[in-house]
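Bear in mind these aren't lab numbers, they're just calculated from the coordinates by the rules spelled out. Because the structure is predicted, anything quoted here is derived from the model rather than measured. Neighbour counts are summed over all protein chains in view; Cβ atoms, including those assigned to glycine, are modelled from backbone coordinates with ideal geometry.
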Amino acid sequence: MNASKLLLAVSAATTLMSVSGFVAAQDKAGYWTSPAAGNLVWKNSSGQCWRAGYWTPAMATAECDPDLVRKVAPPPPPPPAPRAAPAPAPKPAAQPAATPAAKPAAKPAAAKPPVIKAQVDFASNAAKLDKLAEFRLDMDVVAKLPALGALKFMNVSAHTDRLGSPQYNQKLSERRANAVKNYLVKKGVDASKIETYGFGKTLPVKSCPDDKNRKALLTCLEPNRRVEIEAEGTAK
């Protein structure tokens with residue numbers, strides 16, 4: 001029994017000494033070394049150094065990891081001796097200044113075709129021209145047609161206010177456009193040159209709140225109940 005205890009004590013002491021020697025053999029340079037041999041690096045049978053667990057490439061040495069050691073670049077070759085500047089070329093003989101060519105005369109700008117624009121308004125839910133609308137068509141369109149020369153086209157675009165359904169206002173705008181066209185044809189305008197368009201209530205020019213009374217709201221929306229006329233002639 002005493003012999004077994006003695007054997008266990010000797011084994012534990014031997015293990016402790018081995019661990020102490022193992023720790024002392026680890027050098028801070030990143031490789032395992034042998035202090036008893038002057039800190040020589042331990043190597044395996046293939047000649048490879050034993051790296052410590054904390055080893056990093058920055059700790060590489062020329063003995064163990066020559067491929068990882070930063071090589072010092074050779075100094076750059078000295079710059080070549082500067083060449084002598086070539087002799088300046090002789091200046092050419094002065095030549096008489098050339099007479100600038102005359103600029104071609106600018107072409108006159110193309111004349112813009114003459115255009116007339118007019119607008120008439122309608123009462124709410126109405127597609128019939130009143131006396132004021134007829135007067136404006138006479139003065140702003142019919143009286144100015146001779147200045148256009150030959151009439152190229154005339155567009156008649158009609159609109160309504162936002163009151164009513166989209167379907168109702170679409171048909172109402174078409175009736176207003178046709179009323180203006182029929183009046184102008186009666187005044188001598190070529191019907192084949194007139195194109196009519198109904199836009200319903202899709203293109204208002206004025207927005208009015210709903211908190212007004214009916215009469216005030218209709219007055220506010222009057223600019224939207226319009227027909228716009230645009231005609232273009234042939235430039236002279």
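For the reader, a short list of remarks on this structure follows.
- Cross-link pairs exceeding 19 Å between alpha carbons, from the set Lys117/Lys152; Lys112/Lys144; Lys112/Lys181; Lys128/Lys171: Lys112/Lys181.
- Stretch gain in nm, segment Ala85-Asp67, where the contour uses 0.36 nm per residue and the Cα spacing is subtracted: 1.8 nm
- Cα centroid separation, segment 117-137 to segment 202-236: 11 Å.
- Residues in segment 150-168 reached by a label modelled at Ser207 [backbone nitrogen below 17 Å; 7 Å Cα→Cβ]: 161-163
- Residue order, fewest to most surrounding Cβ atoms within 10 angstrom, among Asp138, Asp211, Asp121: Asp211, Asp138, Asp121
- Farthest toward the positive end of the dipole of segment 101-236, out of Asn224, Ala126, Ser192, is the Cα of Ser192, where the dipole comes from beta carbon charges about the Cα centre.
- Kirkwood estimate for segment 124-236, i.e. one over the average of 1/r between Cα atoms, Å: 15.0
- Mean projection area, nm², convex hull over Cα of segment 66-172: 29.3
- Stretchable slack from Ala94 to Ala191, in nm (0.36 nm times residue separation minus alpha-carbon distance): 27.5 nm
- For the peptides 85-95, 158-168, the ranking by mean Cβ contacts within 10 Å, running from highest to lowest, is 158-168, 85-95.
- Listed by Cβ neighbour count within 10 Å, with the fewest neighbours leading, Cys220, Cys49 appear as Cys220, Cys49.
- Taking the number of Cβ atoms within 10 Å of each Cβ as an exposure proxy, the fewest-first ranking of Lys103, Lys128 is Lys103, Lys128.
- Virtual paramagnetic centre 7 Å along Cα→Cβ of Asn178, amide N under 20 Å, in segment 128-150: 128-130, 134
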